[in-house]
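In what follows, a structure is listed as structure tokens, so that the remarks can point back to it.
Where a number appears in this text, it was derived from the coordinates with a stated rule and is not lab data. Everything quoted here is computed from the prediction, not taken from an experiment. Don't worry about glycine lacking a Cβ; one is built from the backbone with ideal geometry, like all the others, and counts go over all protein chains shown.
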């Protein structure tokens, strides 16, 4: 007996015997039970089908070819739907070539001719049970293959979903530098991408020659590259951090292609430029008054000014310059706190009239120094604002201060406050030098000051209106400006009231 046959014989199986002859049924049962198998007996096809429905795990069915009712061939055809993994063997006293061919077509595995000896039955059953084992192993492997394919498809779908959701562009190229996979974020850096899934030369679809060169270099040298490159110069510059990594098969060492990650750093570049501009602006704004104060003090120390009145004038100018620096530092700290969200506010009901009266009292000395008349009109019964008092004072002080400083000698500043629906509307109008249409969109940017001969003598940090805009935005209000060169400017603020 072969090793496989011995293995099959050592296992316990369930065998169904369907035969209308009681002697055949009993003989098969006695031999098979002696082999350790469980035996089910049926005297016709209908009973055999009932037993299969109750025991679909049956391994082998020995079926008589000619039986009353359902024939053996019809039984096999019907039973295959009930127990698809069961192996069928035909036992008959009328074995013909035609019957063998038809039985094989219906799904029979083998024939056993009556009468048969016990050892013949055992050998045939062992062969058939080996067939059962092979069928079930095949089905198990097929199920495992399908499960693994499903897991692979699920994993690929999950991976694709992750890649598609990435904010960075991902480009996968094969060893021939053809684009085989990309995510939606990568479309920003590609052009003329075909609708088909066929690979396309990356040089034909990438919008940057430098990006193509990086992929080519990484492919040729099979080493990782990471550089900042400018992917577009016009109409707006686009910068990216490009990381290209080669993909090599670990087992064979064969180069498979490259994976490229493209991260948009345009905003970071813009922030760097703003920071550089900020440093230059602050250095200039601090250096000019410091140089002036240094010159004034040098004149005094060298005794070049002996007249006491002149000395007072020099000290007064030094103090004025130092105050400008202190104002700059104060504005910078305000901007920093507003950006960091570190402003400590005491929100409470505030009367706009009281706040504006306080601001006007503060601004009166500045107006007198610039020979500007200030006036205001507050509507009766203004509802209170839910706000921080110091922030409201800073907001209106900046607007009124600008209206005075950018005015003309003998000019006028007019402040009004009234209710307009759910808002309190505060307007600050002046008869000053005005603001050009080109400069108005940039008024609320940090450090912006319109450079004109009329404004060259006005000191300031260029941060006041930026602070105003941030305060207004925090309280969900809005601010507008109307201005004409040489005629004046009006700033209007709307703030929600209680």
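The table below lists the values:
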item: The chain: angle of helix 209-221 to the longest principal axis, Cα-based, in degrees nearest 10; result: 50
item: Relative contact order of the range 214-335, defined on C-alpha pairs under 8 angstrom at six or more residues apart (%); result: 16
item: Distance between modelled label sites at residue 379 and residue 304, nm, 7 Å Cα→Cβ extension; result: 5.8
item: Full-stretch length increase - residue 473, residue 180 - with 0.36 nm per residue and alpha-carbon distance subtracted; result: 100.8 nm
item: Near-label residues of the range 76-94 by backbone N, under 15 Å of a point 7 Å along Cα→Cβ of residue 120; result: 90-94
item: Unit Cα scatterers, Debye sum, the range 3-142: log10 I(q)/I(0) for q = 0.11, 0.18 Å⁻¹; result: -0.34, -0.99
item: Approximate spin-label separation residue 85-residue 187, in nm, with each point projected 7 Å along Cα-to-Cβ; result: 4.8
item: Per-bin percent of Cα-Cα distances, the chain [10 Å]; result: 3, 13, 13, 9, 8, 10, 9, 6, 5, 7, 7, 5, 2, 1, 0
item: Relative contact order of the range 346-496, pairs being alpha-carbon contacts under 8 Å that are 6 or more residues apart, as %; result: 24
item: The chain: relative contact order in percent, alpha carbon pairs under 8 Å with at least 6 residues between; result: 7
item: Scaled radius of gyration (Cα, divided by 2.2 N^0.38 Å) that the range 116-262 gives; result: 1.72
item: Additional length obtainable on full extension of the chain from residue 283 to residue 437, 0.36 nm per residue less Cα span; result: 52.6 nm
item: Distance (nanometres) between label positions extended 7 Å along Cα→Cβ at residue 496 and residue 273; result: 3.5
item: Potential extension, residue 297-residue 162 segment - 0.36 nm per residue separation minus Cα distance; result: 42.0 nm
